[in-house]
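A.B. asks: Dropping the structure in here first, questions after.
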Ligand code: SF4
């Protein structure tokens, strides 16, 4: 049985044609799915009963079971733990910052990239998520959020550019004018540096925003904390980002997780300015959230100095507070309780 969310409007029209239903039924179904956010075919009161029964016999509408939801008493950040149809578990996070409501969603169960400061990386990769599983996260979170989302970021579990086709198709569904109609520029795909697919995004002229998790200014350090740097060295990554910004005329966001004694020196800040010179970008500096003492956050004065050096060069920099830190929902802290399975190597995925 297929998940109905997997279907694009055109595919839905095609399916309905096959069962002798008029085209306008597709609009009604799409509206029920994305605008009304109905979670049972019984609720589709605009459809005849026979069609509701037909759909219920052919498609899943919801496959998630909510296992746990933890809300931070500090900033209302809410972390959800979902169980998927096959028993796998993933996490998604809703972050409230003033008027901004960000849904941070996952693209894989676990992650194959093993970034040293990241809890998800320790799980290894269990599998890619499907289009429906990515979109269902948003629908389930929307039903529970205090306000509708203003931003969607692929910064939860997994490396989205290693599940490229699925992630793009899910983003297309989320932004489809007849569906959620989410502003495409407010959907951000965050990569740890899959250079090949950054170029692909540029070549395909995709309208989504791009964030790159840089985290080090030398090849040596990058390899130490992000093993993917061996496959896509720093130079190659920055070349791909330059290609992207030139081709799309869009700004990228560089994420830089500051780790005490590893990448937080004044020399690192100067190198960061130098490396990103000439690239239209914004730099997000995030104090590390790892529990591992080897990857501790820097002292406050170090953070302030880092910020000053970058600001002095007129680069746009944001120090991101550690939202959700108290409930282990901050960046790099997602670790759904899955049975650890054998790692699937990046080469296999590609
Ligand atoms: S930081 Fe992102 S890419 Fe790296 S291991 Fe964690 S989830 Fe994967």
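A.B. asks: Kindly indicate whether residue 152 is in a helix (DSSP H, G or I) and either away from the ligand (no atom under 12 Å from the Cβ) or out of contact with any helix residue (DSSP H, G or I) (no Cβ under 9 Å at 6 or more places or on another chain) (or both).
C.D. replies: no
A.B. asks: Look at residue 168 and say whether it is more than 10 Å from the ligand (Cβ to nearest atom), touching a residue at least 60 places away in the same chain (Cβ under 8 Å) and closer than 18 Å to residue 8 by Cβ.
C.D. replies: no
A.B. asks: Looking for something without any contact (Cβ under 8 Å) to a residue 24 or more places away in the chain, within 16 Å of the ligand (Cβ to nearest atom), part of a helix (DSSP H, G or I) and not assigned by TED's automatic domain parsing to the domain that holds residue 28 - is there at least one such residue anywhere in the stretch 137-146? Even if it seems obvious, please write down each step before you answer.
C.D. replies: Keep residues of the stretch 137-146 that are without any contact (Cβ under 8 Å) to a residue 24 or more places away in the chain, which gives none.
So far as the stretch 137-146 goes, no, none of its residues is without any contact (Cβ under 8 Å) to a residue 24 or more places away in the chain, within 16 Å of the ligand (Cβ to nearest atom), part of a helix (DSSP H, G or I) and not assigned by TED's automatic domain parsing to the domain that holds residue 28.
A.B. asks: Restricting to the stretch 86-112, give me the number of residues that are free of Cβ contacts under 8 Å to residues at least 40 places away in the same chain and more than 30 Å from residue 228 (Cα to Cα).
C.D. replies: Taking the stretch 86-112 and keeping what is free of Cβ contacts under 8 Å to residues at least 40 places away in the same chain, we get 86-87, 98.
Right, trim to more than 30 Å from residue 228 (Cα to Cα) and you get 98.
Of the residues in the stretch 86-112, 1 are free of Cβ contacts under 8 Å to residues at least 40 places away in the same chain and more than 30 Å from residue 228 (Cα to Cα).
A.B. asks: Looking at 173, 198 in this structure, which one is buried (at least 22 other Cβ atoms within 10 Å of the Cβ), in contact (Cβ under 8 Å) with a residue 60 or more places away in the chain and away from the ligand (no atom under 13 Å from the Cβ)?
C.D. replies: On the way: 198 fails: in contact (Cβ under 8 Å) with a residue 60 or more places away in the chain.
Of the residues listed, the single one that is buried (at least 22 other Cβ atoms within 10 Å of the Cβ), in contact (Cβ under 8 Å) with a residue 60 or more places away in the chain and away from the ligand (no atom under 13 Å from the Cβ) is 173.
A.B. asks: Only one of (1) within 16 Å of the ligand (Cβ to nearest atom); (2) closer than 30 Å to residue 296 by Cβ is not met by residue 127, so which one is it?
C.D. replies: Unmet for residue 127, out of (1) within 16 Å of the ligand (Cβ to nearest atom); (2) closer than 30 Å to residue 296 by Cβ: (2).
A.B. asks: Scan the stretch 177-194 residue by residue and report those that are more than 16 Å from the ligand (Cβ to nearest atom), at pLDDT 95 or above and touching a helix residue (DSSP H, G or I) at 6+ places or on another chain (Cβ under 6 Å).
C.D. replies: Listed by number, the residues that qualify are 182, 184, 187.
A.B. asks: State whether one or more residues within the stretch 178-186 are touching a residue at least 60 places away in the same chain (Cβ under 8 Å) and touching a strand residue (DSSP E or B) at 6+ places or on another chain (Cβ under 6 Å).
C.D. replies: No; the residues of the stretch 178-186 include none that is touching a residue at least 60 places away in the same chain (Cβ under 8 Å) and touching a strand residue (DSSP E or B) at 6+ places or on another chain (Cβ under 6 Å).
A.B. asks: OK, next. Right, residue 206: more than 16 Å from the ligand (Cβ to nearest atom) and within 18 Å of the chain's Cα centre (by Cα) or not?
C.D. replies: yes
A.B. asks: Looking at (1) at pLDDT 95 or above; (2) surrounded by fewer than 24 Cβ atoms within 10 Å (Cβ to Cβ); (3) within 16 Å of the ligand (Cβ to nearest atom), which one does residue 122 not meet, given that it meets all the others?
C.D. replies: Looking at each condition in turn, residue 122 falls short on (1).
A.B. asks: Taking the criterion of being within 16 Å of the ligand (Cβ to nearest atom) and either surrounded by fewer than 20 Cβ atoms within 10 Å (Cβ to Cβ) or at negative phi (or both), would at least one residue in the stretch 59-79 satisfy it? Write out each step before concluding.
C.D. replies: Looking only at the stretch 59-79, we keep the residues that are within 16 Å of the ligand (Cβ to nearest atom), and these are 79.
Still in the list and also either surrounded by fewer than 20 Cβ atoms within 10 Å (Cβ to Cβ) or at negative phi (or both): 79.
Yes; the residues of the stretch 59-79 include at least one that is within 16 Å of the ligand (Cβ to nearest atom) and either surrounded by fewer than 20 Cβ atoms within 10 Å (Cβ to Cβ) or at negative phi (or both).
The values are calculated or read from the model by the stated rules, or taken from the named source; none is laboratory data. Keep in mind that this is a model prediction, so the values were computed, not measured. We place every Cβ from the backbone using ideal geometry, glycine too, and count neighbours over all the protein chains shown.
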